[in-house]
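Data block below; observations after.
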Amino acid sequence: MFYHQHVTALPPSPLPVSPLPLDTTLLRPGLRLAIGLSGGADSVALLRALAARSSELGIVLHAAHLNHGLRGAESDADQHFASELASSLGLVFHSHQVDTTAEASQHRETIEEAARRLRYTWFRQLMSNGVVDAVATAHTLDDQAETVLGKFLRGAWTEGLSGIHPVVNYPEGRILRPLLAATRPQIVAYLQDIGQAWREDSSNQDHAYTRNRLRHQLLPELEQWNPQIRQHLSNMAQIAKDEESWWQSELSRLAPQLILTGRPVRGGGRASTGAGTDENTLALDVVRVAALPPALQRRLLRHAADILGTSLSFDATETLRKLATERRAGQQLALPSPLVAERTPRELRLSRNQPKTKPSATEPSCQLPVPGEAKAFGLRFQAVSPTPVAPATIRSWKPGDRVTLRYSSGPRKVKEVLERLKVTGTDRANWPVVEWQGRIVWMQGAELQPTPELTISAREQ
């Protein structure tokens, strides 16, 4: 994102041009395709490679540069570089300028988060306005390897290990990644051969960013053990993507047979239709679940939780599996998500955890002694600490609040977590959190990064 004013320029090589692997199966004749052109080596290589083959492929190529407005005259110079490159190739050039710093402040985001959001929002506008049919970004095999490794370190499920997908579908059009098979050395060799200039991204050397530590520290260390680690991680992403696609088709076939919606009725079974139907409750036949292989058990339980608008961690999924297959009837469990699980003789019943007392829009905040207990939002909170410390505050979330989810690399906005949990209406406006020493250490329905000095729990009153 941040570029030196320095432009790397190389004389053309007298040798044949190094081939650059492109996935042209993503392209169709007549496609109006914009390349997201930042000025870095990857995007410049993608633009040059596709421009050289546009007639052969039958595509109409455009170039799109977003000026993030972060470095004044230098940002303008980057835009000029991109414009000149597009002009030299005879391509239509689209540019737009945003105030990333102001947007980040307004939405309580980091600069990186705001820049990415603004960039993809603009790409989608280009497609929505009918200017282009699709936009291509220059993600590479190295980007894929870094993404998969980062996801693995955070404890991702298979869908997370699928990494960067070659196609992302939006209502407005598609985002394409035709360069995912190309390595950084291949890109540099290609640009060297054609004598093409590019910009060096200075932020890529800043080890404050997790991706850069993966790129410059961890991956080179792993390459000492296996020189093919980047390719293997990329292969893992492809395997995970295909596995996930197969599992989704299997779940679409099996879930309707195994997941029972509606409310339980006296004498056993479920009322799946009529006025008594409860969309916040479902069940699974424990006999049939116990007969399934563990892999399908996990998928089924996570799919059921997703139907109820939440996601399960590995630990929560394993706890549910044991409740369904090993424990006796009559046990109830509140998960670290807005779910309550109940084991009956025949079923594992899951329901959204709705507070018995609905909080009002003006419910005040209150203090939670540490250690100690307090009641609020229809819940009884308990704080445990080895020594007395300053009290925490129980309150409704507010715009700008951030939390760090367990196994996550960094903070996320509470608003985004609530969207993921599908919390809406009055529940959303009054969703409780616990703040301690200036940060949120507990949030209803979310499993946060543990705080060593403090443990917060809550149950219905």
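The values are calculated or read from the model by the stated rules, or taken from the named source; none is laboratory data. Quick caveat: nothing in here was measured; it's all calculated off a predicted structure. No Cβ is skipped: glycine too gets one built from the backbone with ideal geometry, and neighbour counts run over all protein chains shown.
Some notes on this structure:
- Looking across segment 35-69 at every residue that is part of a loop (DSSP other than H, G, I, E, B) and surrounded by fewer than 19 Cβ atoms within 10 Å (Cβ to Cβ), the one that is modelled with the lowest pLDDT is identified as Gly69.
- With a requirement of 3 or more residues that are over 22 Å from the mean Cα position of the chain (by Cα) and on the phi < 0 side of the Ramachandran plot, the helices (runs of 4 or more DSSP H) lying completely within segment 126-215 that satisfy it span 184-194.
- Test: residue in segment 296-304 that is among the polar types (S, T, N, Q) and at pLDDT 90 or above: yes
- Filtered residues of segment 20-31 (kept if surrounded by fewer than 18 Cβ atoms within 10 Å (Cβ to Cβ) and in contact (Cβ under 8 Å) with a residue 60 or more places away in the chain): Pro21, Asp23, Thr24, Leu26
- Among the residues making up segment 80-130, a single one is at pLDDT below 90, buried (at least 18 other Cβ atoms within 10 Å of the Cβ) and farther than 20 Å from Lys413 by Cα: Val98.
- Of all residues in segment 213-228, those that are over 11 Å from Leu149 (Cβ atoms) have Cβ atoms under 9 Å from Cβ atoms of residues that are part of a helix (DSSP H, G or I) and among the polar types (S, T, N, Q), 6 or more apart or on another chain, in His216/Asn204; His216/Gln205.
- Among the candidates Thr387, Thr455, residue that is surrounded by fewer than 17 Cβ atoms within 10 Å (Cβ to Cβ), of a type in the set (S, T, N, Q) and not in a strand (DSSP E or B): Thr387
- A single member of Pro364, Pro355, Pro359 is at pLDDT below 85, within 30 Å of Gln106 (Cβ to Cβ), more than 25 Å from the chain's Cα centre (by Cα) and buried (at least 16 other Cβ atoms within 10 Å of the Cβ), and it is Pro359.
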